[in-house]
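Please treat every number below as a calculation from the coordinates, not as lab data. On a predicted model such as this, the values are computed, not experimentally measured, just so you know. Here the Cβ positions follow ideal geometry from the backbone for every residue, glycine too, while neighbour counts run over all protein chains shown.
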Amino acid sequence: MPRFFNPEIKQYPAITGADADHISKSLRMRKGESLTVCDTKGTDYLCEIIDFKPGKVFLKILSSAPTVSEPGIQVTLYQCLPKADRFEYVIQKSVELGIHRIVPVLSERCVSRPDKGAAEKKLLRWQRIADEAAGQSGRGILPQVTKLISFEQCVSELKAYDLPLLFYESGGEPLRGLVTPGFGTAAIVIGPEGGFSEREVELAVQNGAKTATLGKRILRTDTAPVAALTALLLLTGNLE
C-alpha cells in the first residue's frame with residue numbers, strides 16, 4: 001500500500017505538493033482507494049481518498065495504529081565525513097535499518113572538508129535522501145540529518161547516551177560484551193577513511209565513549225556504520 005508522511009495529518013487530512021502529484025499522476029490513484037499516512041511521530045493512519053484538487057489530495061481517516069517498524073532503541077550515528085558521495089549511501093542504508101538521527105562530523109583526518117555554504121547546500125540533499133529512505137522502508141519517523149559539527153562537539157554529546165560507542169580500527173571490546181538489556185539510547189561514532197587519531201580516541205573515552213570493534217577486518221568508512229548498526233540492532237532484539 002502506498003505510504004506517505006504528513007506531520008499534520010490529525011488536523012489536516014490531506015496530502016499536498018509533490019506527494020499529491022505523485023498520487024494522482026504517477027500512481028494514478030482514484031477516489032475510494034486507500035493509502036497509509038504516517039504522522040512522523042510513530043503513528044500510521046489508514047486513509048481513503050475522497051477528493052482531488054490541483055496539488056492536493058483530500059483524505060478520510062479510517063483507522064490509526066502505532067507504527068510497528070521503529071526499533072526499541074534510539075541510535076544516533078556520528079559519521080566522520082567521508083569522500084565523494086559515500087555519506088549519501090550511509091544515510092540511505094542507516095535510515096532503512098532504523099537509525100534515529102545522523103550527525104556528520106569533521107574530524108582530523110577527514111579528506112572532505114566543505115565550507116559552510118557547501119555544507120548547508122549538501123544538508124538539503126542529505127535530508128531528502130533520508131526522507132525518501134524512510135518512506136521506502138516503512139519508517140514511523142523521519143530521521144533527521146543535522147548540520148556538520150566538529151569532533152569536539154561530537155564527543156561532548158556522548159554522555160547523554162546510555163551506550164556511547166566509538167568503533168576503533170586499532171582495537172576495542174567486542175560489541176556483544178558491551179550490549180546489555182535495557183539500553184534506550186545509543187551513539188555510534190565512525191571515523192573517516194584515515195581513521196581516528198590517538199588524541200581523538202582518548203578525548204572520546206574521557207567523555208564516556210566505549211571503544212568497540214567489528215572484528216579482525218578493517219571496514220571502509222561507509223561499510224562500518226551499516227555493520228555496526230546492524231549488529232547493535234540484532235543484539236538488542238530489533239531485527240527479529
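So what is the 222 nm mean residue ellipticity for the chain from helices alone, if each DSSP H run of at least 4 adds -39500 (n - 2.57) and you divide by all residues, rounding to the nearest 500 deg cm²/dmol? Walk me through the intermediate numbers first.
Working: 7 runs with 69 residues, N = 240.
After summing the helix terms and dividing by the residues of the chain, the value is -8500 deg cm²/dmol.
Beyond a 27 Å Cα-Cα separation, which of these cross-linked pairs lie in this structure: K53/K121; K41/K216; K147/K216; K53/K93; K147/K210?
Working: K53/K121 32 Å; K41/K216 39 Å; K147/K216 33 Å; K53/K93 35 Å; K147/K210 24 Å.
Distance filter (> 27 Å) returns K53/K121; K41/K216; K147/K216; K53/K93.
Compute the distance from the alpha-carbon center of the range 125-147 to that of the range 67-120, in whole Å.
Using only Cα atoms, the two centres lie 11 Å from each other.
Running Debye on the range 136-196 with equal point scatterers at the Cα sites and no solvent, what base-10 log of I(q)/I(0) appears at q = 0.15 Å⁻¹?
Relative scattering, expressed as log10 I(q)/I(0), comes to -0.64.
Relative to the present Cα-Cα distance, how much length would full extension add between E173 and E240 at 0.36 nm per residue of separation? Write out the running numbers ahead of the final one.
On the way: separation 67, 0.36 × 67 = 24.12 nm, distance 2.45 nm.
Extra length from E173 to E240 when fully extended: 21.7 nm.
Holding the Cα-Cα limit at 32 Å, pick out from K31/K122; K83/K159; K60/K122 the pairs that are longer than that. Walk me through the numbers on the way to the answer.
On the way: K31/K122 38 Å; K83/K159 28 Å; K60/K122 37 Å.
Distance filter (> 32 Å) returns K31/K122; K60/K122.
Name the shape class, rounded, prolate or oblate, that the alpha-carbon gyration tensor gives for the range 74-235, where a ≥ b ≥ c are the square roots of its eigenvalues, rounded holds for a/c under 1.5, and otherwise prolate holds if a/b is larger than b/c and oblate otherwise. Numbers along the way, then the final one.
Values: a/c = 1.56, a/b = 1.14, b/c = 1.37.
It comes out oblate by the Cα gyration axes.
Hey, what did the range 74-235 get for relative contact order, percent, Cα under 8 Å, at least 6 apart?
Working: 293 pairs, mean separation 51.3, N = 162.
RCO, the range 74-235: 32 percent.
Given Cα pairs under 8 Å that are at least 6 residues apart, what percent is the relative contact order of the range 3-66? Write out the running numbers ahead of the final one.
Working: 120 pairs, mean separation 22.8, N = 64.
Normalised by residue count, the contact order of the range 3-66 is 36 percent.
Cut-off is 10 Å between beta-carbons; in what order do L124, L219 appear when sorted fewest neighbours first?
Working: L124 9, L219 16.
Arranged by neighbour count, lowest to highest, L124, L219 become L124, L219.
Based on the Cβ-Cβ distance from V111 to S34, what FRET efficiency comes out when R0 is 45 Å, to the nearest 0.05?
Values: r = 48 Å, r/R0 = 1.07.
Computed FRET efficiency for V111 and S34 comes out at 0.40.
Using a Cα-Cα cut-off of under 19 Å, which aspartates and glutamates could be cross-linked to K25, ignoring same-chain neighbours fewer than 8 residues away?
E33, E48, D51, E132
K10: which aspartates and glutamates have alpha carbons under 12 Å from its alpha carbon, excluding same-chain residues fewer than 8 sequence positions away?
D39, D44
Could you check the spin-label model distance between V68 and K10? Points 7 Å from the Cα along Cα→Cβ, value in nm.
Distance between label points: 2.3 nm.
Does the range 3-66 come out rounded, prolate or oblate by the C-alpha gyration tensor, with a ≥ b ≥ c the root eigenvalues, rounded set by a/c under 1.5 and, if not, prolate when a/b is larger than b/c and oblate if not?
On the way: a/c = 1.82, a/b = 1.53, b/c = 1.19.
Prolate.
Give me R220, R101 ranked fewest to most by other Cβ atoms within 10 Å of their Cβ, as a rough exposure proxy. Provide the component values of the computation, followed by the final result.
Values: R220 11, R101 17.
Placing the least packed residue first, the sequence is R220, R101.
Fewest Cβ neighbours within 10 Å first, please rank R217, R128, R86 accordingly.
Numbers: R217 8, R128 13, R86 18.
The most exposed by this proxy come first: R217, R128, R86.
Along the Cα-to-Cβ line of L27, 7 Å from the Cα, sits a label point; which residues in the range 72-106 have backbone N less than 20 Å from it?
96
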